[in-house]
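Okay, structure first, notes after.
Every read-out reported here was derived from the displayed coordinates using simple, explicitly stated rules and does not represent laboratory data. What you see is a predicted model, and the numbers here were worked out from it, not measured in a lab. Every residue, glycine among them, receives a Cβ derived from its backbone with ideal geometry; neighbour counts consider all protein chains shown.
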Amino acid sequence: MRRAMEAERLDALAVRLPENVLLLSGFWPMIGASVLLFPREGRPVCAIPHCYEYEASLSLWEAEPAYFRYGVLDAPDPGSAIRDILSHAARGKGWKRVGYEADFEVVAPPWNSGEMQVPAARTHAIYAAAFDGAELVDISSLLQAQRRRKTAYEIAKIRIASEISSIGLEAFERLVDVGASGVELAAGVEREIMACGTGYQGAFRVRAYAQVAVGPDESAVGYRPNEVSTRRLLESGDIALLELGVVADGYWADRTRVRVAGQPTQEQFKVFDTVRRAQEAAAAAIRPGVSGAEVDQAARSVIRDAGYAAFFPHITGHGLGFGYHESLPKLAPGETDLLEEGMVTSVEPGVYFKPCGGFRIEDDVLVTGTGSETFGPFRNSLT
């Protein structure tokens, strides 16, 4: 990051989004009220609410913590406290250009995902006051570019998240049955991940986001960005489609599995086998120097040859790691960017139509020096 800052003539970065604080400090903020000041030279400083001192002490790398009172009666205005911390750290540095996050339209939540704080106009005003005279530069694209290749440390953390997600896949496999509802399945998956995933390989904070569509009507629109779990009960021959996001200490996994309650039809077996082979073909095509379009075509050609081309409406994969979905890399038609060692991508072809239902298989795949590695490998079985 510091080499990239030098190329862009940036003296420091001020980041507030939890995913970017994590990227540069090792600390995953609780609510989004922490700000990391990351200079091109010298030690970073992280402004953190005092009530999260314990959590920060477990994970901060080299950043110097600067705690301010928060959420109690004698606490100062948080914006003023952060401004004072940043101003003190910048004093006498003579910084000319300071980068900040101005254009993140999709953001990953902090630990408290029910309510998070995001940078807005007041954050910009705080920076302008703290870095008086410095030019504020949008570094959103720079951060996204630096995040596209993961370090060995980050890869290990994402691998843990994917392995934890397999706990949820196993629960889903066990719970799908005639009479089960989508909300019951989603709740069961989340419970298993929270109860059994917390503490796995040292994971401290683990959360699951499970969505299950059941039956032909719900699962046939399973290509949407999210599923809607309802109280509809699975009937014999119905599809259950699980979309599962898991975050472990700020690092994300994204998995999907499909099961059928009772006895599948011959066409359901055929569609499932087609999607399975398409996913395997895409994963086998992944290696450094291959374009996203080539990997997408490896999956899409299998589905086309089986006669289901019209029912595969989305891309084959997207980046992930610091978020549930990241913009880079992208496995899609026409995507000319080349895969590089250290990239992590989902691989998730799908086929969706009534009355058969929606089918998708999704795993997280690392681009290695010679090919690929699937994180948290878990079997693919329709029944």
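For Met1 and Met194, the FRET efficiency from 1/(1 + (r/R0)^6), where r spans their Cβ atoms and R0 equals 30 Å, is about 0.35.
Each residue in Asp238, Asp363 was given a count of other beta-carbon atoms within 10 angstrom of its own, and listing them fewest first yields Asp238, Asp363.
What is the sum of charges, Lys and Arg at +1 and Asp and Glu at -1, for the other residues whose Cβ falls under 11 Å from the Cβ of Arg232? Every neighbour counted, the sum reads -4. With Cα atoms as the point set, the range 2-147 shows a radius of gyration and Dmax of 14.1, 45 Å. Most tightly packed first, judged by the mean number of other beta-carbon atoms within 10 Å of their residues, the peptides 163-169, 226-232 read 163-169, 226-232. For Pro44, the shell of other residues with beta-carbons less than 9 Å away shows a net charge of -1, using +1 for Lys and Arg and -1 for Asp and Glu. As a rough guide to protection, the peptides 317-327, 256-266 ranked by mean Cβ packing within 10 Å, highest first, stand as 317-327, 256-266. Rounded to the nearest angstrom and listed largest first, the equivalent-ellipsoid semi-axes of the range 169-295 from its Cα gyration tensor are 25, 23, 12. Ranked by the mean number of other Cβ atoms within 10 Å of their residues, highest first, the peptides 345-355, 99-109 come out as 345-355, 99-109. Between the range 25-59 and the range 120-192, the C-alpha centres lie 18 angstrom from each other. For Arg69, Arg122, Arg148, the sequence from fewest to most other C-beta atoms within 10 Å is Arg122, Arg69, Arg148. Each residue in Val118, Val183 was given a count of other beta-carbon atoms within 10 angstrom of its own, and listing them fewest first yields Val118, Val183.
The angle between the Cα long axis of helix 292-305 and the main principal axis of the chain comes to about 20°, on a 0 to 90 degree scale.
Equivalent-ellipsoid semi-axes for the range 152-374 (Cα gyration tensor, √(5λ), whole Å, largest first): 26, 24, 12.
Net charge in the neighbourhood of Gly182 (other residues with Cβ under 9 Å of its Cβ; Lys, Arg +1, Asp, Glu -1) is -1.
Counting only DSSP beta bridges with both residues in the range 2-147, the antiparallel share comes to about 35 percent. Maximal additional length on extending the Asp305-Asp273 stretch stands at 10.3 nm, based on 0.36 nm per residue less the C-alpha distance.
Take every pair of alpha-carbon atoms less than 8 Å apart whose residues are at least six positions apart; their mean separation over the length of the chain yields a relative contact order of 14 percent. Taking only the alpha-carbon positions of the range 28-84 and ignoring solvent, what does the Debye formula give for the base-10 log of I(q)/I(0) at q = 0.22 Å⁻¹? Reported log10 I(q)/I(0), two decimals: -0.84. Could you grab the relative contact order for the range 222-363? Cα pairs under 8 Å, six or more apart, rounded to a whole percent. Relative CO of the range 222-363 lands at 28 percent. For helix 121-130, what angle does its Cα long axis make with the longest principal axis of the chain, in degrees from 0 to 90 and rounded to 10? Result, in degrees: 30.
In the calculated pair-distance distribution of the chain, the portion above 32 angstrom amounts to 38 percent of the Cα-Cα pairs. Against the 2.2 N^0.38 Å scaling, with N counting residues, where does the range 263-316 land? I'd like the Cα-based Rg ratio to two decimal places. Dividing the Cα radius of gyration by 2.2 N^0.38 Å gives 1.19.
Between the alpha-carbon centres of the range 77-119 and the range 226-258 there is a gap of 34 Å. Here the spin labels are modelled as points 7 Å beyond Cα on the Cα-Cβ line, and at Lys96 and His314 they lie 4.6 nm apart.
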